[in-house]
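**Q** Dropping the structure in here first, questions after.
The values are calculated or read from the model by the stated rules, or taken from the named source; none is laboratory data. If you're wondering where the values come from, they're calculated on a predicted model, not measured in any experiment. Positions of Cβ are backbone-derived with ideal geometry, glycine not excepted, and every protein chain shown enters the neighbour counts.
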Protein chains: 2
Amino acid sequence: MTAPPLFRRIALIGFGLIGGSIARAARAQGLAGEIVVTARSAKTRARVTELGIADRVVDTNAEAASDADLVILCIPVGACGAVAQEIASHLRPDAIVSDVGSVKGAVVREMTPYLPTSVHFVPAHPVAGTEHSGPDSGFAELFINRWCILTPPDKTDIAAVDKLRAFWTAIGARVEIMTPQHHDLVLAITSHLPHLIAYTIVGTADELGEVTSSEVMKFSAGGFRDFTRIAASDPTMWRDVFLANKDAVLEMLGTFNEDLSKLTRAMRRGDGEALFEHFTRTRAIRRGIVEIGQDSAAPDFGRLQTGAKKP
Amino acid sequence: MTAPPLFRRIALIGFGLIGGSIARAARAQGLAGEIVVTARSAKTRARVTELGIADRVVDTNAEAASDADLVILCIPVGACGAVAQEIASHLRPDAIVSDVGSVKGAVVREMTPYLPTSVHFVPAHPVAGTEHSGPDSGFAELFINRWCILTPPDKTDIAAVDKLRAFWTAIGARVEIMTPQHHDLVLAITSHLPHLIAYTIVGTADELGEVTSSEVMKFSAGGFRDFTRIAASDPTMWRDVFLANKDAVLEMLGTFNEDLSKLTRAMRRGDGEALFEHFTRTRAIRRGIVEIGQDSAAPDFGRLQTGAKKP
């Protein structure tokens, strides 16, 4: 005899990289009596049915949300308000409603007005992903040792927060709680600005007159290729992120631009000492990230690991 | 009976990631009758002796260069001129002299005046590396399927260029020939500017008042950690690169800044269409790089490969 699953019925609205990974992980860990999935496009719904990961695939958001005790919106942040409105009257009292959006302030602002006070709204953001998207891109291990940030409003029921925390912990994540405002600042520097910059430089390289695209691709191993992975992330998701977290990204961008001017000036003036000092300092941050297990110490992200034999 | 090795004696001046990888690869492929190594610090020389990769470890650059038929400078570009001066009178007539510097115009300018006309100067740049440095960081497979760019002056002996091409090909690289000026433009966008930007943003993140360094590290999986790997590269090497290729980097930086302003303006104005269009275009470049084998299609650089099972 085993313990009953954490949730009787989990509804996943949207089935991209994150939704698909949650479904696979929840099933692998036996966390749901039933997993009900819906997606906007008929093509995705058909694919989810084929994959056989969901217990039921339904056509509408309302149908998915009905009678679920956990509803997770796994969709671009720009769509969250409209979906909240759509499902509001179908939610069961005491249901936990959550999301996975990379921006929290805007999601809270846009969803809250529609949600009945009888449900528990616990916004979430698993800081995990790859450059791939779509129903086939997810995998059960995506969240292992990654952080999931919860941003529950002050008055939220503690039991509901704990239950969602238990869910994310069970699929491998480490959970941290903060305000939506602080979340949006932290992610602006650790995720949104890096994406904006990667998208920019990859675009720049594509439009040069003096260097061909073929040359850019051939000689990309010098650093550029790492930016292209980031700049291959889902365009809809990222459009919404930049529109929804504009203020925090602009703030970080201001600081970045000042720092870039400083390094540019050092380069222009031939100030090798200033460059050396800066480059030495940034090395220490890398060490910190590897030490806390947020990246691998394998050279070159492990691309060369199999070849990295000592003589 | 086997064919005689390509070079009777190869001298490697410097034994970091690149020098150490060349030594390991040349030995693995039997390309040298003898590999003679020197390094500036006694500690490195002692470590190379311990590693047992070189046939001989000597104390001075002059001693290393003496009687070698291939001499490769594996040192930061800023040191190439002084080392050329030091070895010049010890070079054997007909020796091939090369380097591995990431900037070619400055290296050619600084080394050429010292080299006797009796030697063949064939500057080279293997576009390969990891974020690690030092005598232990090299491995024989580093150059496999990576490009090595040769920038021989117009009047260079074709046989010497062909011999160096054969050497790089034998250790796995693909060889391309271009002018030093064009090389420096190509690398400014595919390597130097990405490094400058990564160094900048990692520094920015380290100095924020509102977000702690600990938070930056914890939530780095959202994109930031990929920049930290690049910003963990060898500080001396990169200081020299930016000083030596200042003009081309500043030119590319100008275009990058214009493009960043364009995306910033789109974000500020809430122009989602412009953002979406840009983010869709950059995806195609990533596909090109994966198609020509310059990166892996494994999600997240293969970090999650072992976990990426389908249900």
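**Q** Can you work out which of the residues in the stretch B:45-61 that are touching a strand residue (DSSP E or B) at 6+ places or on another chain (Cβ under 9 Å) and in contact (Cβ under 8 Å) with a residue 40 or more places away in the chain is nearest to B:Ala25 (Cα to Cα)? It would help to see each step written out before you state the result.
**A** Start the filter on the stretch B:45-61 by keeping residues that are touching a strand residue (DSSP E or B) at 6+ places or on another chain (Cβ under 9 Å), which leaves B:45-46, B:48-49, B:53-61.
Right, trim to in contact (Cβ under 8 Å) with a residue 40 or more places away in the chain and you get B:48, B:54, B:61.
Details: B:Val48: 15, B:Ala54: 11, B:Asn61: 21 Å.
Per the criteria, the residue is B:Ala54.
**Q** Here's a follow-up. Can you confirm whether A:Ile22 is assigned by TED's automatic domain parsing to the domain that holds A:Glu141, among the β-branched types (Val, Ile, Thr) and touching a Cys at 6+ places or on another chain (Cβ under 8 Å)?
**A** Yes.
**Q** Collect the residues in the stretch B:183-209 that are more than 7 Å from chain A (Cβ to nearest Cβ) and touching a residue at least 60 places away in the same chain (Cβ under 8 Å), keeping them in residue-number order.
**A** Within the stretch B:183-209, B:His183, B:Asp184, B:Ala188, B:His192 meet the criteria.
**Q** Could you please find all residues in the stretch B:215-239 being outside any helix (DSSP H, G or I), within 16 Å of A:Val186 (Cα to Cα) and either in contact with a strand residue (DSSP E or B) (Cβ under 9 Å, 6 or more places away or on another chain) or more than 7 Å from every other protein chain (Cβ to nearest Cβ) (or both)? Quick ask: steps written out before the conclusion?
**A** Looking only at the stretch B:215-239, we keep the residues that are outside any helix (DSSP H, G or I), and these are B:219, B:223, B:231-234.
Restricting the remaining residues to those that are within 16 Å of A:Val186 (Cα to Cα) gives B:219, B:223.
The one that is outside any helix (DSSP H, G or I), within 16 Å of A:Val186 (Cα to Cα) and either in contact with a strand residue (DSSP E or B) (Cβ under 9 Å, 6 or more places away or on another chain) or more than 7 Å from every other protein chain (Cβ to nearest Cβ) (or both): B:Phe219.
**Q** Can you pull out the residues in the stretch A:240-272 that are more than 7 Å from chain B (Cβ to nearest Cβ) and of a type in the set (Gly, Ala, Ser)?
**A** Residues satisfying the conditions are A:Ala244, A:Ala248, A:Gly254, A:Ser261, A:Ala266.
**Q** Oh, and also: Please verify whether A:Ser137 is of a type in the set (Gly, Ala, Ser), within 14 Å of chain B (Cβ to nearest Cβ) and in contact (Cβ under 8 Å) with a residue 24 or more places away in the chain, treating the condition exactly as stated.
**A** Yes.
**Q** Of all residues being among the basic types (Lys, Arg) and under 20 Å from B:Leu187 (Cβ atoms) in the stretch B:72-120, which is surrounded by the most Cβ atoms within 10 Å (Cβ to Cβ)? Just the residue, please.
**A** Residue satisfying both the conditions and the ranking: B:Lys104.
**Q** Quick test for you: out of B:Ala188, B:Ala159, pick the one residue that is more than 23 Å from B:Asp69 (Cα to Cα) and in a helix (DSSP H, G or I). Break it down into steps so the answer makes sense when it comes.
**A** Details: B:Ala159 fails: more than 23 Å from B:Asp69 (Cα to Cα).
One residue alone meets the criteria, B:Ala188.
**Q** So B:Thr117 ticks every box in (1) assigned to a strand (DSSP E or B); (2) under 18 Å from B:Asp69 (Cα atoms) but one. Which box is left unticked?
**A** Only one criterion is unmet by B:Thr117, namely (1).
**Q** Let me ask something additional. Which ranges mark the helices (runs of 4 or more DSSP H) fully within the stretch A:1-81 that have 2 or more residues being at pLDDT below 95?
**A** none
**Q** Can you work out which of the residues in the stretch B:285-311 that are in a helix (DSSP H, G or I), modelled with pLDDT under 85 and more than 7 Å from chain A (Cβ to nearest Cβ) is surrounded by the fewest Cβ atoms within 10 Å (Cβ to Cβ)?
**A** Within the stretch B:285-311, the match that is surrounded by the fewest Cβ atoms within 10 Å (Cβ to Cβ) is B:Thr306.
Residues checked against (1) charged (D, E, K, R); (2) more than 24 Å from A:Asp94 (Cα to Cα):
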| position | (1), (2) |
| --- | --- |
| A:Pro5 | no, no |
| A:Arg9 | yes, no |
| A:Ile35 | no, no |
| A:Ala42 | no, yes |
| A:Val48 | no, yes |
| A:Leu70 | no, no |
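**Q** Follow-up question, since we're still on this one. Going through the stretch A:83-101 one residue at a time, which ones are more than 12 Å from A:Thr151 (Cβ to Cβ) and of a type outside the set (Val, Ile, Thr)?
**A** Matches in the stretch A:83-101: A:Ala84, A:Gln85, A:Glu86, A:Ala88, A:Ser89, A:His90, A:Leu91, A:Arg92, A:Pro93, A:Asp94, A:Ala95.
**Q** Mind listing just one residue for me: the one in the stretch A:38-71 that is in contact with a helix residue (DSSP H, G or I) (Cβ under 6 Å, 6 or more places away or on another chain) and crowded, with 20+ Cβ neighbours inside 10 Å and, of those, farthest from A:His120 (Cα to Cα)?
**A** Looking at residues that are in contact with a helix residue (DSSP H, G or I) (Cβ under 6 Å, 6 or more places away or on another chain) and crowded, with 20+ Cβ neighbours inside 10 Å, I get A:Ile53.
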